[in-house]
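J.: The structure under discussion is supplied below as structure tokens; questions concerning it will follow.
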Amino acid sequence: MKVFVIGSGGREHAIVTSLSKSSRVDKIYCAPGNAGIAALAECVPIKAMDFDGLLKFAQEKQIDLTVVGMDDPLVGGIVDVFEAAGMRVFGPNKAAAILEGSKAFSKDLMKKYNIPTASYENFTDPGEAMNYLKTVRFPVVLKADGLALGKGVLICNSLKEAMDGVRTIMTDRKFGDSGNTMVVEEFLTGREVSVLSFVDGRTIRIMDSAQDHKRAYDGDEGPNTGGMGNFSPSPFYTSEIDEYCRKHIYQPTVDAMAKEGRPFKGVIFFGLMLTEDGPKVLEYNARFGDPEAQVVLPRLKNDIVDIFEACIDGTLDQTELEFESDKAAVCVVLASDGYPVSYEKGFPITGLENFEGKDDYYCFHAGTALKDGQIVTNGGRVLGITAIGRDLKEARSKAYEATEWVSFENKYMRHDIGHAIDEA
Ligand code: AMP
Ligand code: GLY
């Protein structure tokens, strides 16, 4: 069959890599893709938000299955456009992708269905938000309602910081229309765990947990990023926690969306905080995480096409996920120095051939491009170096060893990815 993947990051490279292992797949296309994806798929320069262009291409090539990796097109309704044209597509409809597209919606949903999350209030008026902030305890968390490239979350330690935050989000509209509505949320403490799942509208199947490192610098300091590295499974995600989440969070979320007339099919990403009072939902995403996909998908034993199709057809109840449970994965992101604030791109990358033929090592491309026959840096996050080991420690030392195999000017990485492993 012919498969079409939409997106251009490390997540999409991981999805394409899984698809390339499927015996059912003959040809993969990716729009727009990147230089790494180009080794496994034919990349076509159509932008992820050009729904007409993507649909036309898919129809011309008689694509059998389209997989949408990115949040923007999902929240914008690309799945509805493809379905209306009779195409088979993996991902939530617009009505369901709102689970990620609106934080106010997801908070209200959790409140209505008693799904554990931080207490909160939603605001559309900056003055009302400011008055409310005079009554709360600090730190407090401000969240722009809509998509903001993962940057619309401000943790404020004082009333002054919170007032500045309201201005940033609602008045100066730094995150654009995302700031039309703002959530003010209780600050939670604990360990953060990401759990990805496949959903077919009714049934949910949980993937192995992962733990992300969102801050830019060692010691979890510095600005928030899309993720500087991660590991899977999380040793802190115990079977008791899993049982609790299945009962109080996962299935209830799927049931709530169905009850609201917004049945969700695709991937739900649960961002959880393991607090002293039990796990609570920090956020939902309506897609694979990046780099979570880079540590979870390489250990998935199922043919991924079977799972995508079960989600589309509503037959996930007949499928069990299988992971290489005797193995662990660690991903270290190689970024451009200065990310996420400002950085240069266009530097040649050397040493990529060192990954060829090595089963336990993956070099997922996040921000790369082909320029005059040479692969160059083309983003803040450039490569995700993933290694598989018998346990987390072995995977971590293998991943760090492999970070030395590639070079580019202004290469930057954190040196403490997986430090939490030592505390487990
Ligand atoms: P989000 O984009 O919602 O994932 O938020 C980005 C990051 O902000 C999360 O990964 C957490 O580290 C942090 N965060 C979000 N909400 C809270 C909260 N209620 N309490 C503490 N930290 C939070
Ligand atoms: N790594 C977090 C995300 O994909 O949103």
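The values are calculated or read from the model by the stated rules, or taken from the named source; none is laboratory data. Because the structure is predicted, anything quoted here is derived from the model rather than measured. No Cβ is skipped: glycine too gets one built from the backbone with ideal geometry, and neighbour counts run over all protein chains shown.
J.: If the requirement is being more than 14 Å from M110 (Cβ to Cβ) and surrounded by fewer than 24 Cβ atoms within 10 Å (Cβ to Cβ), which of these qualifies: E260, E283, E276?
T.: E276
J.: Follow-up question, since we're still on this one. Among all residue pairs at least 6 apart or on different chains, which show Cβ distances below 7 Å where the first residue, located in segment 277-293, is assigned to a strand (DSSP E or B) and the second is among the small types (G, A, S) and more than 10 Å from ligand 2 (Cβ to nearest atom)?
T.: K280/A118; Y284/S106
J.: Something else now. On the basis of being away from ligand 2 (no atom under 16 Å from the Cβ) and within 13 Å of S194 (Cα to Cα), does L300 make the cut?
T.: No, not satisfied.
J.: Sticking with this structure for a sec: Among the residues of segment 401-417, is there at least one that is part of a strand (DSSP E or B) and within 24 Å of the chain's Cα centre (by Cα)?
T.: Yes, segment 401-417 has at least one match.
J.: Restricting attention to segment 8-29, does a residue exist that is under 16 Å from R287 (Cβ atoms), within 16 Å of ligand 1 (Cβ to nearest atom) and modelled with pLDDT of 95 or more?
T.: Checking segment 8-29: at least one residue is under 16 Å from R287 (Cβ atoms), within 16 Å of ligand 1 (Cβ to nearest atom) and modelled with pLDDT of 95 or more.
J.: What number goes with the only condition from (1) in contact (Cβ under 8 Å) with a residue 40 or more places away in the chain; (2) on the phi < 0 side of the Ramachandran plot that K345 does not pass?
T.: Unmet for K345, out of (1) in contact (Cβ under 8 Å) with a residue 40 or more places away in the chain; (2) on the phi < 0 side of the Ramachandran plot: (1).
J.: Identify, please: which residue in segment 34-74 is in contact (Cβ under 8 Å) with a residue 60 or more places away in the chain and among the small types (G, A, S) and is, among those, nearest to G146 (Cα to Cα)?
T.: Filtering segment 34-74 for residues that are in contact (Cβ under 8 Å) with a residue 60 or more places away in the chain and among the small types (G, A, S), the one nearest to G146 (Cα to Cα) comes out as G69.
J.: Now a separate question. Hey, F264 hits all of (1) touching a Pro at 6+ places or on another chain (Cβ under 7 Å); (2) within 13 Å of ligand 1 (Cβ to nearest atom) but one; which does it fall short on?
T.: Failed condition: (2).
J.: Which pairs turn up if I take residues in segment 143-166 that are within 24 Å of G9 (Cα to Cα) and part of a strand (DSSP E or B) and look for partners that are near ligand 1 (Cβ under 9 Å from one of its atoms) and charged (D, E, K, R) with beta carbon separation below 7 Å, at least 6 apart in sequence or on another chain?
T.: Every condition considered, the pairs that remain are V153/K143.
J.: Something else: Could you please let me know if R246 is within 16 Å of ligand 1 (Cβ to nearest atom), basic (K, R) and under 22 Å from the mean Cα position of the chain (by Cα)?
T.: no
J.: Now for a different question. Residues to consider are A335, A328; find the one that is of a type in the set (G, A, S), touching a strand residue (DSSP E or B) at 6+ places or on another chain (Cβ under 8 Å), within 18 Å of G9 (Cβ to Cβ) and modelled with pLDDT of 95 or more.
T.: A335
J.: Taking the stated definitions as given, is I63 in a loop (DSSP other than H, G, I, E, B), touching a strand residue (DSSP E or B) at 6+ places or on another chain (Cβ under 7 Å) and under 28 Å from G201 (Cβ atoms)?
T.: The answer is yes for I63.
J.: Just wondering, is there one or more residues in segment 232-250 that are within 21 Å of N93 (Cβ to Cβ) and assigned to a helix (DSSP H, G or I)?
T.: Yes.
J.: Out of D72, D80, report the one residue that is part of a helix (DSSP H, G or I) and over 23 Å from E283 (Cα atoms).
T.: The conditions single out D80.
J.: Filter segment 180-217 down to the residues that are within 21 Å of F323 (Cβ to Cβ) and of a type in the set (S, T, N, Q) and list them by number.
T.: Across segment 180-217, the qualifying residues are S194, S197, T203, S209, Q211.
J.: So E186 passes all but one of these: (1) charged (D, E, K, R); (2) within 14 Å of ligand 1 (Cβ to nearest atom); (3) crowded, with 16+ Cβ neighbours inside 10 Å; (4) at pLDDT 95 or above. Which condition number does it fail?
T.: All conditions pass for E186, except number (3).
J.: Identify, please: which residue in segment 1-55 is aromatic (F, W, Y) and in contact with a Phe, Trp or Tyr (Cβ under 7 Å, 6 or more places away or on another chain) and is, among those, nearest to Q374 (Cα to Cα)?
T.: Here the residue is Y29.
J.: Scan segment 270-285 for residues that are of a type in the set (G, A, S) and either more than 13 Å from ligand 1 (Cβ to nearest atom) or more than 10 Å from the chain's Cα centre (by Cα) (or both) and report the count.
T.: Matching residues across segment 270-285 total 1.
J.: Here's another thing I want to ask about it. Tally up the residues in segment 181-231 that are of a type in the set (G, A, S), in contact (Cβ under 8 Å) with a residue 40 or more places away in the chain and either part of a loop (DSSP other than H, G, I, E, B) or within 13 Å of ligand 2 (Cβ to nearest atom) (or both), please.
T.: Total meeting the criteria: 7.
J.: If you go through segment 95-102 one residue at a time, do you hit one that is among the β-branched types (V, I, T), at pLDDT 95 or above, away from ligand 2 (no atom under 16 Å from the Cβ) and surrounded by fewer than 18 Cβ atoms within 10 Å (Cβ to Cβ)?
T.: No.
J.: How many residues are in a helix (DSSP H, G or I) and closer than 20 Å to P263 by Cβ if we restrict to segment 112-132?
T.: Adding up the residues that qualify gives 1.
J.: From the set of residues in segment 307-352 that are closer than 19 Å to F264 by Cα, out of contact with any helix residue (DSSP H, G or I) (no Cβ under 7 Å at 6 or more places or on another chain) and of a type in the set (V, I, T), which is surrounded by the fewest Cβ atoms within 10 Å (Cβ to Cβ)?
T.: Per the criteria, the residue is T315.
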